[in-house]
Amino acid sequence: MKEKKNIKILVMEDNEMYNSLLTKKIELYTKSLSVDSEYTFEIFSYTSLAECMKNLGEDIDIIFLDYYLVRNVTALDILSRIKEKCKDCKVFIISRSRDTEIIHKAFEHGVDDFIFKGKYGLAHSCYLIKRAIADR
């Protein structure tokens, strides 16, 4: 039997409720996805940016990163540090903001996609996981 490839997914969302919702959605989705695929999944979830950065490893494959973090720090402020540590990871920013300038800057900085919190945000997250795996 062929050994399954392990995919590591990190969630950095400082809002505890949204973090919990997103993490649970990803856990449920990846559990069902792993049944019929060659992949297994590990999900790491943080509400503290300091803890997240301390535990960020180079082997993370997918990151869901809240745009507005602590004390006026945004995802764009830490994106280069993230990309230094895990060069090949896909980074998806999550935000309530629909500011086109923020979205444009995010893509300029190398973000792979932008997720709007709201009605379809959680489902979009699952789609992006599937797409990231297909792009491997």
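The values are calculated or read from the model by the stated rules, or taken from the named source; none is laboratory data. Values in this document were obtained by computation on a predicted structure and should not be read as measured data. Here the Cβ positions follow ideal geometry from the backbone for every residue, glycine too, while neighbour counts run over all protein chains shown. The area values use the complete protein model at the heavy-atom level, side chains included, leaving out ligands, DNA and RNA. Shrake-Rupley method; radii C 1.70, N 1.55, O 1.52, S 1.80 Å.
Over 25 Å apart at the Cα level, from the set K83/K119; K83/K130; K5/K87; K24/K130, are K83/K119. Expressed as a whole percent, the accessible surface of the chain that belongs to carbon and sulfur atoms is 51, based on a 1.4 Å probe.
Extents of segment 1-76, taken as max minus min of Cα coordinates on every principal axis and listed largest first, are 49, 25, 17 Å.
Might you tell me the accessible area per residue for the chain, computed with a 1.4 Å probe and given in Å²? Each step should come with its number before you reach the end.
Numbers: 7940 Å² over 136 residues.
The answer is 58 Å² per residue.
Taking the chain, the Cys residues with no second Cys beta-carbon under 4.7 angstrom are C52, C126.
Using only Cα atoms, find the angle between the long axis of helix 121-134 and the longest principal axis of the chain, and express it within 0 to 90 degrees, rounded to the nearest 10. The angle comes out near 60 degrees.
Of the beta bridges DSSP finds with both residues in segment 1-134, what % are antiparallel, to the nearest 5? That works out to approximately 5 percent antiparallel. For K2, the aspartates and glutamates whose Cα comes closer than 16 Å to its Cα, not counting residues fewer than 8 places off in the same chain, are D36, E38.
Out of [x] 1.08; [y] 1.19; [z] 1.00, which label holds the value of Cα Rg over 2.2 N^0.38 Å that was computed here? Checking each listed value against the structure points to [z]. In the chain, helices alone account for a calculated mean residue ellipticity at 222 nm of -14000 deg cm²/dmol, with every DSSP H run of four or more residues adding -39,500 (n - 2.57). Bridgeable aspartates and glutamates around K105 (alpha carbons under 19 Å apart, same-chain partners fewer than 8 residues away excluded): D66, D77, E84, D113.
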